[in-house]
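Every number in this text was worked out from the coordinates using simple rules, so none of it is lab data. No experiment lies behind these values; they were computed from the predicted model shown. All Cβ positions, glycine included, derive from the backbone under ideal geometry; neighbour counts span all protein chains shown.
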Amino acid sequence: MVWTPRVTVAAVIENDGRFLLVEEMAEGRLVLNQPAGHLEHGESLIDACRRETLEETGWRVEPDAVVGVYRRIEPTTGITTLRVCFSARPLSHDPSLTLDEGIERALWLSRQELADSAPRHRTELVMHCLHDYLAGARHPLALLAHA
């Protein structure tokens, strides 16, 4: 049997000291997460970041750095996820777009508001990625080879 982790992307998007998050239904509860989702077949990680952010928030963004790569094992299922987190610049918003199923809304929160809402985070990676971003973690996009 071949073991294969799930690959996801996420984006830390800052504008005037606030961060773009999504409020979504996951496992029967309303949670907060960075715009994030699964890499699709044949898609680059950078394109996945652009697509997922647009689908979940209506915002067009341009990834400008890799914040980090995170491995997480879901405690209840044992499923391993490899998350590539980007920092991205907001470009434009299209409020007429229908957001992905399960997404209740996109919202901008301050660092403090996000920290105060920790019990509602989808996973611990929400704050981990934000902390790394705020600590200045920025790796060049060229780190990601496109074969």
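The ranking of TRP108, TRP59, TRP3 from fewest to most other beta carbons within 10 Å of each one's beta carbon is TRP3, TRP108, TRP59.
By the count of neighbouring beta-carbon atoms within 10 Å, fewest first, ASP16, ASP132, ASP100 end up ordered ASP16, ASP100, ASP132.
Only one residue of GLY136, THR8, LEU20 has its Cα farthest out toward the positive end of the dipole of the range 6-143, where Lys and Arg carry +1 and Asp and Glu -1 on Cβ, and that residue is GLY136.
Over 28 Å apart: what share of the alpha carbon pairs of the chain falls there, rounded to a whole percent?
I get 13 percent for the Cα pairs in the chain exceeding 28 Å.
Could you tally the net charge around LEU91, taking each other residue with its Cβ under 10 Å from the Cβ of LEU91, Lys/Arg +1 and Asp/Glu -1? So the surrounding residues net to +2. Extension gain for ARG6-ASP47 works out to 13.1 nm (0.36 nm per residue, less the C-alpha to C-alpha distance).
On full extension, the segment bounded by GLN112 and GLU40 gains 22.6 nm, given 0.36 nm per residue less the C-alpha separation.
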